[in-house]
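Take a look at the structure below.
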Amino acid sequence: MLIDDNKLFLNNNILKLFFGGILISNYFIHTFELSYRTTLKKILELTDHKLVEINGEYKSLKYVGSGITIMCIRCKKEAKDGKGNYKLILIVNPSRLTDAETYSNNIMCLDDFEFALRKLEIIIGSIFPDMELNDFKLSRVDLTNDIRGVPENIIREYIMIMRRSSLSNGYKLNSDLEKNTDDFRCEDSFNVYNRSQGAEFVVYNKHRASMDQGYPQEYLNYFEDTMRVELRCSRRYINKKTKGLSTVEAILLMYLNREEFVREFYTSIFKYRTDLCYISKRWQKEFIKKSFSSKRSERMIDTIEKLSESSAHLDNVLYDSYNTQKTRTKIPSYFNEAGFSPIPIQLETVSYMSSLDTVLGFSDGKKDLCCKIIKHSKGRKKVIFRYEDFRIPDDR
């Protein structure tokens with residue numbers, strides 16, 4: 001039995017009170033991982049010796065169509081408690097539990113997710129007659145959102161902006177991934193992790209990733225102009241959030257709070273504000289000259305000139321350009337006052353882009369701060385940047 005209906009599967013209002021969760025969200029659980037530690041002999045018995053060994057890993061793809069990949073791996077650290085040094089791992093795609101042919105999320109509400117879990121319980125019972133879902137530990141969850149209709153050149157621009165932004169203490173780019181991935185393209189993926197929290201925040205070009213993974217053309221068409229956002233939660237992160245809960249309860253908590261958890265992690269990643277829009281270097285200069293004193297505008301323009309280099313990083317520019325911490329703090333505050341980021345748009349054909357908060361859906365309906373009007377000579381022409389636009393035509 002999955003769980004006593006009278007204890008948890010009551011109604012959405014009680015669940016919301018119990019978990020404090022978000023019940024309506026664009027976020028979904030793409031995959032989650034279940035693990036069970038024991039001996040290799042026991043795992044081979046449980047799987048009826050149907051796992052195929054490939055480079056030291058044992059794997060079965062028999063149930064992939066049902067949303068489950070079965071693996072067996074050796075533990076990284078030698079276990080001394082006598083339970084065994086191997087892990088039986090189930091990688092579960094909830095959407096495929098309900099629709100074996102799907103390549104996108106089809107879990108639209110809590111009822112759908114409950115149904116998927118009930119089906120998972122049945123499948124586990126059929127594969128492993130002596131086990132149930134709660135015998136496994138929840139060891140990874142990928143909380144996901146697909147932001148559709150973002151042109152791919154804009155996706156790349158946002159990713160490069162994030163790469164050039166300053167990270168808070170404890171957050172680092174996943175340089176190991178970049179080094180160990182053949183043909184890694186920095187313009188297609190932003191991966192930042194916090195080791196102490198046990199989670200990694202990822203933004204990437206889903207269409208490009210689908211091409212790399214050899215998806216059929218139908219998949220490629222579906223994911224065109226899609227920016228995927230993920231929070232990849234490890235066992236450490238999950239344990240902190242779900243302490244004292246059974247595996248089923250832990251999965252439900254992660255589902256109900258999926259957007260809240262991503263928002264919480266995201267808001268702590270960057271050192272400086274993320275509610276500022278982005279504009280081209282040309283318009284940055286125009287605004288600065290008309291809005292600030294000559295001394296201040298000189299410093300601001302010097303900063304954006306250095307940041308206009310494609311590889312320039314905000315922290316490095318501030319550190320190399322200004323001798324005191326006080327000045328390094330003042331410069332970003334000037335741009336806060338102006339309402340736009342010091343990092344200019346690199347694309348020559350794009351004049352304006354919404355803030356990170358807006359495009360990632362964390363703006364709570366607020367407008368971007370930059371909503372400016374500039375009058376050209378003799379007032380014959382003007383430009384208005386509107387917060388709802390990804391970009392506007394170049395008025396030159």
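Residues checked against (1) within 17 Å of the chain's Cα centre (by Cα); (2) part of a strand (DSSP E or B); (3) farther than 30 Å from Asp135 by Cα; (4) outside the structural domain of His313 (by TED's automatic domain parsing):
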{"position": "Lys179", "(1), (2), (3), (4)": "no, no, yes, yes"}
{"position": "Phe184", "(1), (2), (3), (4)": "no, no, yes, yes"}
{"position": "Tyr204", "(1), (2), (3), (4)": "yes, yes, yes, yes"}
{"position": "Glu230", "(1), (2), (3), (4)": "yes, yes, no, yes"}
{"position": "Cys233", "(1), (2), (3), (4)": "yes, yes, no, yes"}
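Any idea which residue in the stretch 33-67 is modelled with the lowest pLDDT, counting only those that are among the acidic types (Asp, Glu) and closer than 30 Å to Tyr255 by Cα?
Going through the qualifying residues, I end up with Glu57.
Working carefully through the options Tyr266, Tyr278, find the one that is among the hydroxyl-bearing types (Ser, Thr, Tyr), crowded, with 21+ Cβ neighbours inside 10 Å and either closer than 27 Å to Phe190 by Cα or in the same structural domain as Ser139 (by TED's automatic domain parsing) (or both).
Tyr278
Report yes if Leu97 is crowded, with 20+ Cβ neighbours inside 10 Å, more than 19 Å from the chain's Cα centre (by Cα) and modelled with pLDDT under 95, otherwise no.
yes
Scan (1) surrounded by 16 or more Cβ atoms within 10 Å (Cβ to Cβ); (2) in the same structural domain as Glu101 (by TED's automatic domain parsing); (3) not acidic (Asp, Glu) for the single condition Tyr272 breaks and write down its number.
For Tyr272, the exception is condition (2).
Taking the stretch 319-353 on its own, how many of its residues are within 24 Å of Arg156 (Cα to Cα), more than 27 Å from the chain's Cα centre (by Cα) and of a type in the set (A, V, I, L, M)?
0
State which residue is nearest to Ser311 (Cα to Cα) when the search covers only the stretch 143-163 and only residues that are touching a Leu at 6+ places or on another chain (Cβ under 9 Å) and basic (Lys, Arg).
Arg163
How do the pairs read when you match residues in the stretch 210-227 that are on the phi > 0 side of the Ramachandran plot with residues anywhere that are assigned to a loop (DSSP other than H, G, I, E, B) and exposed (fewer than 11 other Cβ atoms within 10 Å of the Cβ), using Cβ under 7 Å and keeping only pairs 6 or more apart or on different chains?
Between residues of the stretch 210-227 that are on the phi > 0 side of the Ramachandran plot and residues that are assigned to a loop (DSSP other than H, G, I, E, B) and exposed (fewer than 11 other Cβ atoms within 10 Å of the Cβ), the close pairs are Asp225/Gly149.
Select the helices (runs of 4 or more DSSP H) contained entirely in the stretch 257-319, then report the ones holding at least 2 residues which are among the basic types (Lys, Arg) and under 28 Å from Asn194 (Cβ atoms).
In the stretch 257-319, the matching helices (runs of 4 or more DSSP H) lie at 258-266.
If only one of Ile343, Ile392 is under 20 Å from Lys285 (Cβ atoms), at pLDDT 85 or above and not polar (S, T, N, Q), which one is it?
Ile343
The values are calculated or read from the model by the stated rules, or taken from the named source; none is laboratory data. Because the structure is a prediction, the values reported are computed rather than measured. All Cβ positions, even for glycine, are placed from backbone atoms using ideal geometry, and neighbour counts span all protein chains on display.
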